[in-house]
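Below: one structure, written as structure tokens.
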Amino acid sequence: MGDYEHLLEVSHLKKYFNVRAGSLHAVDDVSFTIDKGKTLGVVGESGCGKSTTGRAILRLHEPTSGSVKFEGREIVGLSKREMRKLRAEMQIIFQDPYASLDPRNTISQIIAEPMKLSGTMKKDEIEQKVHDLMETVGLAERFVNTYPHELDGGRRQRIGIARALALNPKFIVCDEPVSALDVSIQAQILNLLGELQDNMGLTYMFITHDLAVVNHFADDIAVMYLGQLVEKAPSEELFDNPLHPYTEALLSAIPVPDLDNQTKRIPIKGEITSPINPPDTCRFAKRCPYCSGQCMESSPELVELSPGHFVACHKVAEEHAGGTWKVDEAATA
Amino acid sequence: MEENKVLDEVKEVAEDTAKEVKDAAENAAAEVAEAAEKTAEEIKDTADVPASEQDGKAAPEYVLEIDDLYVEYDTEDALVKAVNGLNLKLRHGETVGLVGETGAGKTTTALSILRLVPDPPGVIKSGSIKVEGQNVMELSEAAMQEIRGNDVAMIFQDPMTALNPVFTVGEQIAETIRLHTDCTKDEADEKAGDMLEVVGIPRARGNEFPHQFSGGMKQRVVIAIALACNPKLLIADEPTTALDVTIQAQVLDIMRGLKDQFNTSMIMITHDLGIVAETCDSVAIIYAGRIVEYGTLVDVFKHTLHPYTEGLFNSLPNIHNRTAKLKPIKGLMCDPSNLPVGCPFADRCNYVTDACKEKLPEQRYVSDTHYVCCTAYDDPNFRLERSKENG
């Protein structure tokens, strides 16, 4: 084992897609770290690049530039063969349990597939492990020879989780693992993921658009907007003291199922700007209630304002340097 | 004797103020003398009709009355009982949230109101659905076509598939207007432009096709179509499920504004109790095709009665208390093709007793506005954990 500070260290990661209209900046200069045994929640609206970030880290999308270090080891540029070995340690759970399972394979075949591919286990070992995994994720043994279409969404997602756990990974990208599920089932899956983390020391990158879920589940939260990281902080800090105007608006938009605690909504005007050939301005500027001239001139850097709390906003950084500025104070001013 | 009995029955079915119930019951009682075999509910309906005719505004008390609705899907494999004895009433300008899991019968109920249940395999077995006092089950297809999109409009869940890709959005809005009103093409186009502005889309974009719009904007177009003829009843089937939170907030604001502006009644089908808290006046919790708890927002959120409702609340991550552990409802929803004799929730319920598995619980009113279907309340001291906490 090498020396490393963080289990995962992503720096200046970029992923551009060439489309007819130009270059689509899906992930644009994103840097963050995740420590062992922790969960980083990544939130943002659809199209903000959160899934692409997750996939670029696993090199399911080849990053355009930047570096991803796993256990201190650079993985961008590794050969296919080396990458394949590493994949055992880095897994992904997909969003749609209806589309991510091969309909022609039985449950046991689906869960066994990663072990077969790794080529390190004997047939009876695999069988035993499939049995164990099904127990771990709470699938009854009678489902061993059923096909995915016979099962409901919650059970299918459990299969996806069992498959991701098959090779004893250290790090799992959970790409909206509960979005397609009913709330009662969603809670079952979230609790399962939590228990697995406690028992196996797993590290998660938890991608979701549901802020209530991420607040419940993550240690740190990163907010993405149009391919960029705009704020990152410990969950509690982010919810109590959001600094970026976008984060604040996003938090205020969550419908709260509690009659006594309704939040005051801060509207975001207009639609998202195009990520194709974006100008070098703050990308939130057009929708931002606090936009000033400086915001249209350059893109703000992500800076650490208090320990663990990173923000990319000209206004916040400037006011922070001068003293006490906060988003909500500005809103009332 | 007989009059008293009918009075009692009327009290049971009418979720209304004491005075209105009394009036209705008196009317009903008067008619009972002539037609003793009629049920109290039918009498109440007939008692209502003359009142509305005199009014001139043609405004029965309820914009929608669903009574004992049963809908089945007769598939090759099994007989799926989607809706099993559902009752729901909706006043003018009221928004009711219909909350439940996938497969609980929410969408089937909505489709039944418009008589759009795919047939075959869907069959509306029994029950009545009255829109503005008119039983839609008895209408001809032509008359039904008049109601759809005009008196009753629906916003479908998925804006990506609800629009026709080969017509501009302006044409699609104008189509509804021309179908239901006597106006020229130009007038309809003009009105379509107005509707786009109502939902916050520049008029000029009416010439664009659906694929040129983002998800949030498509959903706003769908809302514009639904509202084009000022419907009396708007059925919104998970209108924001496919949208991001910030766009969801915008769409909900628009819908709320329209409700205030046009006094439209709304059925908000959703599984998100947060949306219910923000937009609805009353809440119906639906499980296995029946409403298991019904009441005002405060009734259901603060004085929760049904164990299933409690389970839904416990399953939600609470953004104000992030360390609280989620308490999911155990197990899965029962198979609608194989419903148990007793309470369909019994297998998942934390408070289950033997009595629950013997008979289907009946509606039990705890106040004029709030009822629950749960056998556990046979014990007068029974209370949910959640209610104990709420004091």
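The values are calculated or read from the model by the stated rules, or taken from the named source; none is laboratory data. The structure displayed is predicted, hence computed values, not measured ones. FYI the Cβ positions are ideal-geometry reconstructions off the backbone, even for glycines, and counts take in every protein chain you see. Ligands, DNA and RNA are excluded from the accessible area calculation, which covers all protein heavy atoms including side chains. Shrake-Rupley method; radii C 1.70, N 1.55, O 1.52, S 1.80 Å.
Normalised by the residues of chain A, what does the relative contact order come to in percent, with Cα pairs under 8 Å and at least six apart? Working shown, then result.
Working: 596 pairs, mean separation 64.8, N = 333.
Averaging sequence separation for qualifying contacts and normalising by length gives 19 percent for chain A.
How high is the relative contact order of the stretch A:180-333, in percent, with contacts defined as C-alpha pairs under 8 Å that are six or more residues apart?
Values: 163 pairs, mean separation 29.3, N = 154.
Computed value for the stretch A:180-333: 19 percent relative contact order.
Throw me the Rg/Rh for the stretch A:1-97, computed over C-alpha atoms with Kirkwood Rh, two decimals.
Working: Rg = 13.8 Å, Rh = 14.3 Å.
Expressed as Rg/Rh, it is 0.96.
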*For all pairs of alpha-carbon atoms in the stretch A:199-260, what percent lies in each bin of width 5 Å, listed from the first bin to the last filled one?*
4, 16, 28, 26, 14, 7, 5, 1
_Inverse mean reciprocal Cα-Cα distance (Kirkwood Rh) of the stretch A:120-163, Å_ = 10.9
*Can you list, bin by bin at 20 Å, the percent of alpha carbon pairs in chain A, starting at 0?*
29, 55, 15, 0
*Per the Debye formula with a single identical scatterer at each Cα and no solvent contribution, what log10 I(q)/I(0) holds for the stretch A:211-302 at q = 0.19 Å⁻¹?*
-0.97
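Give the average over all directions of the projected area of the C-alpha convex hull of the stretch B:184-287, one decimal, in nm².
Numbers: hull surface 29.2 nm².
It is 7.3 nm².
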*Which Cys residues of chain A have no other Cys Cβ less than 4.7 Å away and so no disulfide-compatible partner by this rule?*
A:Cys48, A:Cys174, A:Cys313
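How much mean residue ellipticity at 222 nm does chain A get from its helices, if each DSSP H run of length 4 or more adds -39500 (n - 2.57) and you divide by all residues, to the nearest 500 deg cm²/dmol? It would help to have the intermediate numbers written out before the result.
Details: 11 runs with 109 residues, N = 333.
The helix contribution divided over chain A gives -9500 deg cm²/dmol.
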_the stretch A:61-205 - percent relative contact order, Cα under 8 Å, separation 6 or more_ = 31
*At A:Gln262 and A:Glu301, where each label point lies 7 Å from the Cα along Cα→Cβ, what is the point-to-point distance in nanometres?*
4.4
*Quick one: which of B:Lys89/B:Lys232; A:Lys286/B:Lys191; A:Lys232/A:Lys269 span more than 19 angstrom between C-alpha atoms?*
A:Lys286/B:Lys191; A:Lys232/A:Lys269
*Using the scaling law 2.2 N^0.38 Å as the reference, what is the normalised Cα Rg of the protein assembly as shown?*
1.04
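How would A:Arg87, A:Arg59, B:Arg383, B:Arg348 rank on accessible area, largest to smallest, probe 1.4 Å? Write out the running numbers ahead of the final one.
Working: A:Arg87 80, A:Arg59 40, B:Arg383 115, B:Arg348 10 Å².
Final ranking, largest accessible area leading: B:Arg383, A:Arg87, A:Arg59, B:Arg348.
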_Separation of the B:Val123 and B:Lys357 label points, Cα + 7 Å toward Cβ, nm_ = 3.1
*Could you state how much accessible area A:Val230 has, in square angstrom rounded to the nearest 10, with a 1.4 Å probe and all protein chains kept in place?*
10
